[in-house]
Structures are given as C-alpha cells and as structure tokens.
1. In whole percent, what relative contact order does the chain give with Cα contacts below 8 Å and a gap of six or more residues?
2. Hey, can you grab everything whose amide H is under 5 Å from the amide H of residue 7? Only 5+ residues off in sequence or another chain; H modelled, so Pro and N-termini drop out.
3. When the dipole is taken about the Cα centre of the chain, and only Lys, Arg (+1) and Asp, Glu (-1) are charged at their Cβ, what size is it in debye, to the nearest 20?
4. Residue separation times 0.36 nm, minus the C-alpha to C-alpha distance between residue 176 and residue 131: what's the value?
5. In square nanometres, what is the average projected area of the Cα convex hull of the range 136-191?
6. For the range 249-359, just say rounded, prolate or oblate: build the C-alpha gyration tensor, square-root its eigenvalues into a ≥ b ≥ c, call rounded for a/c under 1.5, and beyond that prolate if a/b exceeds b/c, oblate if not.
7. Non-local amide H neighbours of residue 316 (under 5 Å, H modeled in plane, Pro and chain starts lacking H): which ones?
8. What whole-number distance in Å separates the alpha-carbon centres of the range 258-280 and the range 281-359?
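The values are calculated or read from the model by the stated rules, or taken from the named source; none is laboratory data. None of these values were measured; they are calculated from a predicted model. Please note: Cβ atoms are built from the backbone with ideal geometry, for glycine as well, and neighbour counts cover all protein chains shown. Keep in mind that these areas ignore ligands, DNA and RNA; they rest on the heavy atoms of the full protein, side chains included. Shrake-Rupley method; radii C 1.70, N 1.55, O 1.52, S 1.80 Å.
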Amino acid sequence: MATQNKVKSINFSLGKKEIDLLTRLCNAVSVSGDEQKVRQIVLEEVQNLADEVKTDALGNVLVTKKGSGPNCLRVMLSGHMDEVGMMIVKESEDGTYEFRVIGGIDPRQLVGKLVLVGRNLVPGVIGAKAIHMTTPEERKVAIPVEQLRIDLGPGAKVAIGDRATFATKLAVLGPSIRSKALDDRLGVFNLIQLLKHAPANVDLFLAFTVQEELGLRGAKVAAFSFDPQIGIALDSTPANDLPFFEGDEENTHYNSHLGAGPAIYLMDGATIGDRRLVNWLTESADAAGIPWQYRQPGTGGTDAGAIHKTRAGVPSVSVSVPQRYLHSAAGLVRKQDVVNTFKLIHTALSRLDPSILNS
Ligand SMILES: [Zn+2]
C-alpha cells in the first residue's frame, strides 16, 4: 500500500562511499583531549564544501555554510569528535602500564579487552589474574581501574599521557553496524553529509566538537563563537531494549529502541528539549513518513546541554541514533536508524522558517 507523504525527504542511503567514510571515522583513535585523528578526516572532508572552516583554541572544527535567502536562521548543529577511552599515567619496567578512564566506562567492560595505545596504535591487552588464581569472592566484584594494567610488553613506544582505546574495527553485520566509536562518529558523519546536501534556507554552523565526554566542554566555546539562534546536538543514545532476564517484568527502562528511528529528546540530565523544536522535528518526521521515537527522559547529556546556556540562551534540542552497548568495546546500531536520522534532520531543516521562534 502506497502512503501519501506531505513532504518528500531526501534520497539518502549508506552506499560504499558512505560506509567507507564512517569506517575511517570510527576506526580513528580520538579519545577526549586528543582528537587530532578525527579532526584531520573532518578537515579533509569539509574543505571544499564550506564557506569558512576554522579550528579553534580547544580543537573544535567550526564550519560555516551560508544559506541563500534574506531570512536565514542561524542554526548550529554539533557532533562530537571525541570518544571515551583511557590515558596512560604510569609506566613499569616490565611493560605494564597504569591507566585512568577518560569519560564514562564501566570498569567491568575493561578486563580482557584488546586496546591500541598512543598515536602509533601500539597493541596491548588489559590483563587480569587467571580464573585459576581467583577466589569466589574476587569473582563477584569488579576490579577497580587503579588495579588494572595495560600490558604492552617491555620497550613499547608509548608515553605517559598517551590515550588508549578499544581495538575494535568497524564491521557491517547485515542490517547493523558495530564499532567502538559510533558515539559520536555518527554525529560527525551526519554533519558532513549535511554539508554535502546543505539546505539553502538556513545558515548552517557546524561544530565538530572536542571533549564532550568530559562535560560538553568543546560545545560551550563553539556555541559562544557561532552565536546561533537554534542549537541541535546530533549524538547517540543507549538502547537498553533487550528483555530483562529476571522474572516476567516488562523492560520499561529501555531509553530507546533499535530500529525505531531517530530518538528525539524531551529531557535528559542536561537539557529540556525546546518545545517548539521538539514539535518541529516530530511534525517533520510525520509529514515525510520517517519513523521516529522519543528518547525516554533520563540522565546523561549531549552538547545541547552546553549550547542552550550560551550567551543569552539558545533554544536547543537533541536527536540521537539509538545504540546498544554504548561506551563499550563494541556498540551496535541499525543502518536504517542512521539513514533516518539524517533524513529527519535534512527534512526538518529544509522546512525551517524564522516564525518558529515566535511560536
Ligand atoms: Zn556522545
């Protein structure tokens, strides 16, 4: 049965070119405060498409693409370049290294994982005592990060302060994509796509931000610099949509569902989604027949948390791709959710009108 949609959305899919770009973005190591590798890819991708490109003092990449009409709204969209990971803090002669976690990682996710350390990607493993040597009591508790070590072997070419990340390479698995850094290379990817298919009715201010995972730090200065009228954070949010295994209780704490479309935020730990913008997004999705879902209210935050409090205030909202196993060695998203997130943002921006701010 054919459905009649009032608005036609852009024709967009994840072909070889798009998957190649996402693979390069996700496999790059870009732990908070050392986003150089992803910044290089972004600068290459945007240089011939933008009106202005600059890298600010903290390392954010700020890209401007002006619309063509007289009444273009100044819209800032952000996607953060950094990812959670680790930092080497102390060296031992036997080639094991003490480290700290950068951003939010559950210590239980660390043990036994393969990692890559430093800009030269030295391979290592986060080791722990073999099961043969542990007591039943020890096996019940997570080992504190301070007691874990990254084992690189003696003579490894790494330095104190080097970042480390999980050694997972991106894989396309049927309808899904699995990677260590979909949070938030998907946002970075969608910003680049937006520049390639820029709607002419708005002034686009694209912020590829740093240090989001440490408290939205890059977005704060990026928003000050852009001085936008509207802010939109593109990110990824947990999909805790697997069944509970205790009793028959329904899982009502899912946050978002894989395959149900982009997750539009009503409220998280850092922002209440601007009502006008939430309605604009849901109406745009409905008009174009794009699936969408509300992101369940809860903790956590996106760059919108910093953007909306900038200067005299910026109406802001977040849109995320739902992801299972966020902030672990292998997050999982559905390709269709990535495509629909881009389609929603593109469709919504294409029908954005300055009158939204008077409503
Ligand atoms: Zn994120």
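1. On the way: 829 pairs, mean separation 81.5, N = 359.
About 23 percent, as a whole number.
2. HN-HN under 5 Å from residue 7: 288.
3. Dipole size: approximately 840 debye.
4. Length gained, residue 176 through residue 131: 12.9 nm.
5. Reported value for the Cα convex hull: 7.7 nm².
6. Values: a/c = 1.90, a/b = 1.29, b/c = 1.47.
It comes out oblate by the Cα gyration axes.
7. 231, 274
8. About 6 Å separates the Cα centre of the range 258-280 from the one of the range 281-359.
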